[in-house]
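Written below as structure tokens is the structure these notes are about.
The values are calculated or read from the model by the stated rules, or taken from the named source; none is laboratory data. Not measured: the values here are computed from a predicted model. When we count neighbours, we look across all protein chains shown, and the Cβ atoms used for this are built from the backbone with ideal geometry, even at glycine. The area values use the complete protein model at the heavy-atom level, side chains included, leaving out ligands, DNA and RNA. Shrake-Rupley method; radii C 1.70, N 1.55, O 1.52, S 1.80 Å.
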Amino acid sequence: MDKAIIGGTGVYDIGNSTSMEVDTIYGKAYVDIVNVDGEKIVFLARHGKGHSNPPHLINYRANMKALEQLGVKYVYATAAVGSCNENYSVGDVVVIKDFIDFTKSRPNTFYEGGETGVVHTDMSEPYCRNLISKFYDEAKKLSIDIKGEAVYCCTEGPRFETASEIRMYKSLGADVVGMTNVPEVVLSKELGMCYSAVGIITNFCTGIGGDIELHDIEGAMNKNKEAVTKAFINVFKGELNQNNCKCKDSRIRL
Ligand SMILES: [Zn+2]
């Protein structure tokens with residue numbers, strides 16, 4: 001099984017799924033294996049069973065290590081994000097192109113010296129260009145309206161940001177704000193995986209104005225979440241290799 005989707009809830013109706021517990025040296029992770037037209041795809045609910053772990057306490061290393069142990073090389077993730085860019089409104093879909101890290105207290109590497117050694121990971125392309133390009137192709141076929149490419153600012157949470165913090169993030173180039181993509185994307189690179197994340201806007205950030213038609217939000221969110229997951233699966237039904245990106249060579253060992 002070399003393909004995985006992280007985050008996607010409500011996608012279990014696409015085929016028979018089997019729940020699995022994976023033991024790693026960082027702890028347990030829980031995944032569902034879904035059979036899509038004979039192709040086995042791993043689904044991992046980022047927040048654990050029953051959405052029980054807050055962003056700063058998610059065991060990201062167990063999650064990503066479990067995927068590696070299952071043989072995963074290609075990962076698509078969905079991310080619920082707040083918008084600090086007036087052009088991206090609630091319900092919109094954006095492709096994450098880069099990140100800014102404001103997390104504070106979470107383990108963010110597999111390499112901690114000793115036996116694991118010292119590794120510096122290249123971040124010139126944190127999100128796999130090949131997976132992004134294939135997502136665009138499939139999104140087009142499904143008429144998904146992608147609003148743009150966004151810089152993701154990751155905060156520690158679980159509290160939301162102050163208006164002053166959002167002004168700062170925005171001035172640094174952030175378009176959307178979330179609490180989970182770091183260290184998830186970083187750990188995937190440390191494992192040589194291809195990783196791409198697609199953001200779905202759930203709200204405007206603190207202090208960012210915008211008219212929201214409340215009755216439309218849930219419908220737009222659900223529709224887009226389903227369509228984005230479908231696009232991921234359609235990419236996974238095709239051929240993938242790691243020759244058109246530099247993900248597998250991101251680790252620089254000293
Ligand atoms: Zn890649």
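Note on region 109-148: among residues that are more than 15 Å from residue 230 (Cα to Cα) and polar (S, T, N, Q), the one that is farthest from the ligand (Cβ to nearest atom) is 116. One residue alone among 151, 177, 198, 182 is within 16 Å of the ligand (Cβ to nearest atom) and not small (Gly, Ala, Ser), and that residue is 198.
Go through the residues of region 201-213 one by one and say whether even a single one is outside any loop (DSSP other than H, G, I, E, B) and within 16 Å of the ligand (Cβ to nearest atom). No, because not a single residue in region 201-213 is outside any loop (DSSP other than H, G, I, E, B) and within 16 Å of the ligand (Cβ to nearest atom).
Does residue 68 count as within 15 Å of residue 186 (Cα to Cα) and not in a helix (DSSP H, G or I)?
Working: within 15 Å of residue 186 (Cα to Cα): yes; not in a helix (DSSP H, G or I): no.
It is false that residue 68 is within 15 Å of residue 186 (Cα to Cα) and not in a helix (DSSP H, G or I).
Scanning region 100-119 for residues that are modelled with pLDDT under 95 and not in a loop (DSSP other than H, G, I, E, B), we see that the one that is nearest to the chain's Cα centre (by Cα) is 119. For region 219-234, check the following and say yes or no: at least one residue is in a loop (DSSP other than H, G, I, E, B), modelled with pLDDT of 90 or more and surrounded by 14 or more Cβ atoms within 10 Å (Cβ to Cβ). No. Residue check: is residue 32 in contact with a Ser or Thr (Cβ under 6 Å, 6 or more places away or on another chain) and either part of a loop (DSSP other than H, G, I, E, B) or not aromatic (Phe, Trp, Tyr) (or both)? When the stated conditions are applied, residue 32 passes them.
Restricted to region 79-99, and to residues there that are open to solvent by 30 Å² or more (accessible area, probe 1.4 Å) and in a loop (DSSP other than H, G, I, E, B), the residue that is nearest to residue 163 (Cα to Cα) is 86. With respect to residue 75, determine if the residue is within 16 Å of the ligand (Cβ to nearest atom), under 15 Å from the mean Cα position of the chain (by Cα) and assigned to a strand (DSSP E or B). Criteria met by residue 75. Each residue in region 136-173 was checked for being part of a helix (DSSP H, G or I) and of a type outside the set (A, V, I, L, M, F, W, C), and 11 pass.
Beta carbons closer than 9 Å, at least 6 apart along the sequence or on distinct chains, pair a first residue in region 59-78 that is open to solvent by 30 Å² or more (accessible area, probe 1.4 Å) with a second that is within 16 Å of the ligand (Cβ to nearest atom) and of a type in the set (Lys, Arg) for 73/3; 73/248. Name the pairs whose Cβ atoms lie under 7 Å apart, with the first residue in region 240-251 and within 12 Å of residue 124 (Cα to Cα) and near the ligand (Cβ under 7 Å from one of its atoms), the second open to solvent by less than 80 Å² (accessible area, probe 1.4 Å) and of a type in the set (S, T, N, Q), and 6 or more positions between them or separate chains? If the second residue must be open to solvent by less than 80 Å² (accessible area, probe 1.4 Å) and of a type in the set (S, T, N, Q), the pairs left are 245/130.
If you go through region 100-123 and keep only what is open to solvent by 40 Å² or more (accessible area, probe 1.4 Å) and either under 23 Å from residue 221 (Cα atoms) or free of Cβ contacts under 8 Å to residues at least 24 places away in the same chain (or both), you end up with 112, 114, 115, 116. Of the residues making up region 29-56, just one is closer than 24 Å to residue 182 by Cβ, basic (Lys, Arg) and surrounded by 13 or more Cβ atoms within 10 Å (Cβ to Cβ), namely 46.
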